[in-house]
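**Q** Following this message is one structure expressed as structure tokens.
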Amino acid sequence: MPKVIFVSGVAGTGKSTVSRYIHKYIPAVYLDKDTVGGKFSEQFLKATGHDPSDRDSKYYKAHCRDLEYDVTMDLAMENATLGLDSILIGPFTKEMETKEWLDKKLAEFKLSRDDVTVKIVFVTLKDTQLQKERIIERGAMDRDQWKIDHWDDYEKSLDLPEVAWGIPETDIMVFDNSGELTEEKVKQIVTFLEQ
């Protein structure tokens, strides 16, 4: 069965880096939510007179956010119909907390849970100060400025989402990405994904 692997985490936890390491061992379709939808959202926001780098306003969340996640999942589902594994990179918080979201997306492509294996890797950092430093270091301040300017408020949103999809706990992994990302650590994730 094709695997649909969600590598989830908030900004600065290193989910993109972890995903790239996983990809060395699992040659899946690589679907970063920001790459899939980012340019479309930028153009839409610009065309409607809004800040093209905005990812935090109510306007962005009402008009762009869900489309980015839906299209990313649509690409994974289309690949699943071809028997191909996918790695989806993005928080997917709202989606994971919505009970019917997964089954609805599967059904849109005439798939069910019997046709795919769903795994979730939550990439976290215990040290939120390190997380803040990583956000600054990645140099995407056009997207991240709000987070830095409102860090105390942003920090309150860092809890892991409750996964409402009814998938087994054994298919969910919480990975603390503090310290060096060694091959040994990556292999632990890969072992989990291959089970």
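The values are calculated or read from the model by the stated rules, or taken from the named source; none is laboratory data. Given the structure is predicted, the values throughout are model-derived calculations rather than measurements. Here Cβ is always computed from backbone atoms with ideal geometry, including for glycine, and neighbour counts include all displayed protein chains. Just the protein is used for accessible areas: all its heavy atoms, side chains included, with ligands, DNA and RNA removed. Shrake-Rupley method; radii C 1.70, N 1.55, O 1.52, S 1.80 Å.
**Q** Kindly indicate whether any position in the stretch 109-122 is open to solvent by 30 Å² or more (accessible area, probe 1.4 Å), out of contact with any Ser or Thr (no Cβ under 6 Å at 6 or more places or on another chain), assigned to a helix (DSSP H, G or I) and at pLDDT 95 or above.
**A** no
**Q** Scan the stretch 80-108 for residues that are open to solvent by 30 Å² or more (accessible area, probe 1.4 Å), more than 13 Å from Lys3 (Cα to Cα) and within 16 Å of the chain's Cα centre (by Cα) and jot them down.
**A** The answer is Pro91, Thr93, Lys94, Glu97, Thr98.
**Q** Here's a check for you: in the stretch 24-57, which residue that is over 11 Å from the mean Cα position of the chain (by Cα) and under 17 Å from Thr117 (Cβ atoms) is surrounded by the most Cβ atoms within 10 Å (Cβ to Cβ)? Working first, answer last.
**A** So the first thing to find is which residues in the stretch 24-57 are over 11 Å from the mean Cα position of the chain (by Cα), and the list is 24-30, 35-57.
Going one step further and asking which of them are under 17 Å from Thr117 (Cβ atoms), we end up with 25-29.
On the way: Tyr25: 15, Ile26: 15, Pro27: 10, Ala28: 21, Val29: 19.
Among them, the one singled out is Ala28.
**Q** Please enumerate the residues belonging to the stretch 166-184 that are in a helix (DSSP H, G or I), modelled with pLDDT of 95 or more and surrounded by 10 or more Cβ atoms within 10 Å (Cβ to Cβ).
**A** Asp171
**Q** Ok, one more. Filter the stretch 5-23 down to the residues that are closer than 19 Å to Glu137 by Cα and among the small types (Gly, Ala, Ser), then identify the one that is most open to solvent (accessible area, probe 1.4 Å).
**A** Ranking the candidates gives Ser16 first.
**Q** Find all pairs meeting these conditions: Cβ atoms under 9 angstrom apart; at least six residues apart or on different chains; first residue within the stretch 99-111 and closer than 15 Å to Val163 by Cβ; second residue open to solvent by 90 Å² or more (accessible area, probe 1.4 Å).
**A** Once the first residue is closer than 15 Å to Val163 by Cβ and sits in the stretch 99-111, its partners that are open to solvent by 90 Å² or more (accessible area, probe 1.4 Å) give Trp101/Lys94.
**Q** So, Met77, is that one touching a Phe, Trp or Tyr at 6+ places or on another chain (Cβ under 8 Å) and either at negative phi or assigned to a loop (DSSP other than H, G, I, E, B) (or both) or not?
**A** It is true that Met77 is touching a Phe, Trp or Tyr at 6+ places or on another chain (Cβ under 8 Å) and either at negative phi or assigned to a loop (DSSP other than H, G, I, E, B) (or both).
**Q** Continuing with the same structure: Out of all the residues in the stretch 48-59, is one or more of a type in the set (Lys, Arg), in contact with a Leu (Cβ under 9 Å, 6 or more places away or on another chain) and farther than 20 Å from Leu193 by Cα?
**A** No.
**Q** Which pairs have Cβ atoms under 9 Å, sit 6 or more apart or on different chains, and link a residue in the stretch 70-85 that is closer than 15 Å to Asp103 by Cβ and touching a residue at least 12 places away in the same chain (Cβ under 8 Å) to one that is among the basic types (Lys, Arg) and part of a helix (DSSP H, G or I)?
**A** Close Cβ pairs satisfying both conditions: Asp70/Lys105; Met73/Lys105; Asp74/Lys105; Ala76/Lys105; Met77/Lys105.
**Q** Over 18 Å from the mean Cα position of the chain (by Cα) and within 18 Å of Ser16 (Cβ to Cβ): is that true of Ile136 in this structure?
**A** Working: over 18 Å from the mean Cα position of the chain (by Cα): yes; within 18 Å of Ser16 (Cβ to Cβ): yes.
In short, yes.
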